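Encoded as structure tokens, the structure appears first; notes follow it.
The values are calculated or read from the model by the stated rules, or taken from the named source; none is laboratory data. Bear in mind that the values here come from a model prediction, so they are computed numbers and not experimental data. FYI the Cβ positions are ideal-geometry reconstructions off the backbone, even for glycines, and counts take in every protein chain you see. The accessibility values were calculated without ligands, DNA or RNA, using every heavy atom of the protein model including side chains. Shrake-Rupley method; radii C 1.70, N 1.55, O 1.52, S 1.80 Å.
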Amino acid sequence: MRVVVQRVSRAAVRVDGEIRGRSERGYLCLVGLARGDTEVEMSWMARKIPALRLFDDEEGRLNLCLGEVHGRVLAVSQFTLLGAARKGRRPSWEAAMPPSEAGIAFQRFVDLLAAEVGSVETGVFGARMEVELINDCPVTLVLDRLPAPG
């Protein structure tokens, strides 16, 4: 599992021109699910994201977590985060979870994350989406929690 966490002052995801999810101050999380990801990886990520101290305290230090600033989360499924482009010009998506499994897994991750933060807005799994954001500062972090081999 790979998640790109971007601190945003606002973000939105549109499908067919219609806003389907949005966040004001908080995080935009681009979520890539890998083959073999289980509840273990998703639970770890769902606990890790809200605990990150990526918001400024009164001294301007990145010292506050999402809950301390009453932040919100917009999560967007993005299998391309698992793309491998070491060879050639066309990325390989072999590491990405197949869509038939990923839709269910993404919803499970959203449910786990919502249990930690209250609510999570999303796009539409498998749809062609337009994501718009104002990256705050900017602060962007890539989190990996890959399944154990085997």
Next on the checklist: Looking at Arg14, Arg22, Arg47, can you tell me which residue is within 14 Å of the chain's Cα centre (by Cα) and either open to solvent by less than 10 Å² (accessible area, probe 1.4 Å) or under 14 Å from Gly123 (Cβ atoms) (or both)?
Outcome noted: Arg22
Item to check | Arg128, sole failed condition from (1) under 21 Å from Val13 (Cα atoms); (2) surrounded by 13 or more Cβ atoms within 10 Å (Cβ to Cβ) | outcome: (2)
Checklist entry - Taking the stretch 25-44 only, how many residues are hydroxyl-bearing (Ser, Thr, Tyr) and crowded, with 16+ Cβ neighbours inside 10 Å? => result 2
Checklist outcome for this item: Given (1) among the small types (Gly, Ala, Ser); (2) outside any loop (DSSP other than H, G, I, E, B); (3) farther than 21 Å from Val15 by Cβ, Gly88 misses just (2)
Checklist entry - Can you find even one residue in the stretch 123-144 that is free of Cβ contacts under 8 Å to residues at least 60 places away in the same chain and either closer than 15 Å to Val3 by Cβ or among the aromatic types (Phe, Trp, Tyr) (or both)? => result yes
Next on the checklist: Taking the criterion of being part of a strand (DSSP E or B), touching a residue at least 40 places away in the same chain (Cβ under 8 Å) and surrounded by fewer than 17 Cβ atoms within 10 Å (Cβ to Cβ), would at least one residue in the stretch 95-103 satisfy it?
Outcome noted: no
Checklist outcome for this item: With criteria (1) open to solvent by 30 Å² or more (accessible area, probe 1.4 Å); (2) among the β-branched types (Val, Ile, Thr); (3) under 17 Å from Ala11 (Cα atoms), Val73 comes up short on (1)
Checklist entry - What residue, among those in the stretch 26-48 that are aliphatic (A, V, I, L, M) and outside any loop (DSSP other than H, G, I, E, B), is farthest from Arg10 (Cα to Cα)? => result Val40
Item to check | Matching residues, the stretch 60-70, being part of a loop (DSSP other than H, G, I, E, B) and surrounded by fewer than 14 Cβ atoms within 10 Å (Cβ to Cβ) | outcome: Gly60, Arg61, His70
